[in-house]
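Here the structure comes first, spelled out in structure tokens, and everything after it is commentary.
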Amino acid sequence: HWIDWYDGRDATEVMDAFHSDRARKMLPRLPKSKPDTADMLENSVPKDTNVQIEFRKLRDKLEADGWWKRDIKREVRLVGIWTSLVIGAALTTKSIPALSIWLLSLSFTQAGWLGHDYIHGIDKWTDKFRMFATVCGGLGATWWSDKHNKHHALTNEMGVDEDLATDPFLFTWAPSPENDSPMRKIQHYIFWMIFSALFALWRVDTVQVIIQAVKEKRPKAKKDFYAIGIHYAVLFALFPIKVWLPSVFVSGLLSALIVTPTHQDEEMFDEFQMDWVTAQFRSTRNAVTTNPFSEWLWGGMQYQLEHHLFPTMPRSNYPKLKPILQKFCDDVGLEDGYRETNEFKILYDNWKIYKKVAKMDAVEGALCSRGDGQLGAIDMSASPAAMAARKKA
């Protein structure tokens, strides 16, 4: 769990980012550290930066101004578009199978973006639609929360952020010889095939996580289990394999092209980042869409920075948040803080990363994408609290 990496570290911004005001008010009820441990932690953790302090003020203001209020009419419209895609795909399975594949692919991708927004959400609408991604996209809410929250809490931290763990198929930095693969040398030619497998892999992971969650009797695991059953029952009933199977891979390609470029060309960290806010600015780049179709297709992921700083905020508010964050960067002195690039150039820049790394030699001692680098308290017991506990023992 992401919070294991924050043992003995300041998780204020991350806790604020993930939870509602109501949930945060419950924190005082949790068990408290002993006074001597609290003093030790206070003295061992770096003082809050000006960026952190000003960001907390900004968040408080946004909350007071109602930025978390959801536009229900807009949500109904987006769900309606998704429904139209599914109906169109179902009606053309026999007459125009190629069109059916395209429409179903778009529906899978949009189910992912809508579900992503709803799983993060903290309002009544999202409470009701939490299983949307599972029922409509085949992507489990339990799996998504486990994987995705770690990405948000530890963005671009090598060895921890699972979104960077795409080897041995794709590498975003030169690996050590023992972790290298012959595929790396041609990754800039075959990346699209790897991208296409994204949704297929996520679907397999979803089923595995749901089964394990049910065995462990995790909260809402059975809802996820029934939801994924409904998804596949409807999918197999309405669509032949010649339609739904290609659609899984086409939607995987579309989604991967959207989710990968907003982080992979930015800074990556080989150690824990104490200032979570600054780390989000340094590791994230927005995509500037060029037409209404792209604006819809990207599903809010073009506002990646806004989403990372305020993941529970309805995505419909992100465009209005952009100038506020740009001003915030100027006010706190974050140079090159707000980063954005044309949607086509950001894809090209991401491809250049794959090409650059493909031509590099392996590097002895390079970090592995899994379990190396910023290992954190869970793997090395390296946090201040864990080290203090060992001394007492």
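The values are calculated or read from the model by the stated rules, or taken from the named source; none is laboratory data. Note that the coordinates shown come from a computational prediction; the quantities given were computed from them, not determined experimentally. A quick note on method: Cβ atoms are made from the backbone with ideal geometry, for glycine too, and the neighbour counts reach across all protein chains shown. All accessible areas refer to the heavy atoms of the entire protein, side chains included, with ligands and DNA or RNA removed. Shrake-Rupley method; radii C 1.70, N 1.55, O 1.52, S 1.80 Å.
Listed by first and then second residue, the pairs linking a residue in region 89-114 that is over 24 Å from ARG315 (Cβ atoms) and free of Cβ contacts under 8 Å to residues at least 40 places away in the same chain to a residue that is polar (S, T, N, Q) and open to solvent by 10 Å² or more (accessible area, probe 1.4 Å), with Cβ atoms under 6 Å apart and 6 or more places separating them unless they lie on different chains, are LEU99/THR92.
Consider region 319-343 and keep the residues that are in a helix (DSSP H, G or I) and touching a strand residue (DSSP E or B) at 6+ places or on another chain (Cβ under 9 Å). The one that is least open to solvent (accessible area, probe 1.4 Å) is GLU343. The residues in region 224-247 that are part of a helix (DSSP H, G or I) and either hydroxyl-bearing (Ser, Thr, Tyr) or exposed (fewer than 15 other Cβ atoms within 10 Å of the Cβ) (or both) can be counted, and the count is 12. Only a single criterion out of (1) open to solvent by less than 30 Å² (accessible area, probe 1.4 Å); (2) outside any helix (DSSP H, G or I) is not satisfied by LEU78, namely (2). Residues of region 277-288 that are more than 22 Å from TRP192 (Cβ to Cβ) and open to solvent by 10 Å² or more (accessible area, probe 1.4 Å): THR278, ARG282, VAL288.
Of everything listed in (1) of a type outside the set (D, E, K, R); (2) under 20 Å from TRP244 (Cβ atoms); (3) surrounded by 15 or more Cβ atoms within 10 Å (Cβ to Cβ), the single unmet condition for ALA141 is (2).
Looking for something more than 30 Å from PHE344 (Cα to Cα), aromatic (Phe, Trp, Tyr) and touching a residue at least 12 places away in the same chain (Cβ under 8 Å) - is there at least one such residue anywhere in region 243-253? No; the residues of region 243-253 include none that is more than 30 Å from PHE344 (Cα to Cα), aromatic (Phe, Trp, Tyr) and touching a residue at least 12 places away in the same chain (Cβ under 8 Å).
In the condition set (1) closer than 30 Å to SER100 by Cα; (2) open to solvent by 10 Å² or more (accessible area, probe 1.4 Å); (3) part of a loop (DSSP other than H, G, I, E, B); (4) not β-branched (Val, Ile, Thr), GLY299 is compliant with all but (2).
Of all the criteria given as (1) touching a Lys or Arg at 6+ places or on another chain (Cβ under 6 Å); (2) part of a loop (DSSP other than H, G, I, E, B), the one not satisfied by TRP125 is (2).
Annotation: GLY112 fulfils all but one of (1) open to solvent by 70 Å² or more (accessible area, probe 1.4 Å); (2) within 30 Å of ALA11 (Cβ to Cβ); (3) part of a helix (DSSP H, G or I); the unmet one is (1).
Of the candidates PRO168, PRO182, PRO177, the single residue that is open to solvent by 10 Å² or more (accessible area, probe 1.4 Å) and touching a residue at least 60 places away in the same chain (Cβ under 8 Å) is PRO177.
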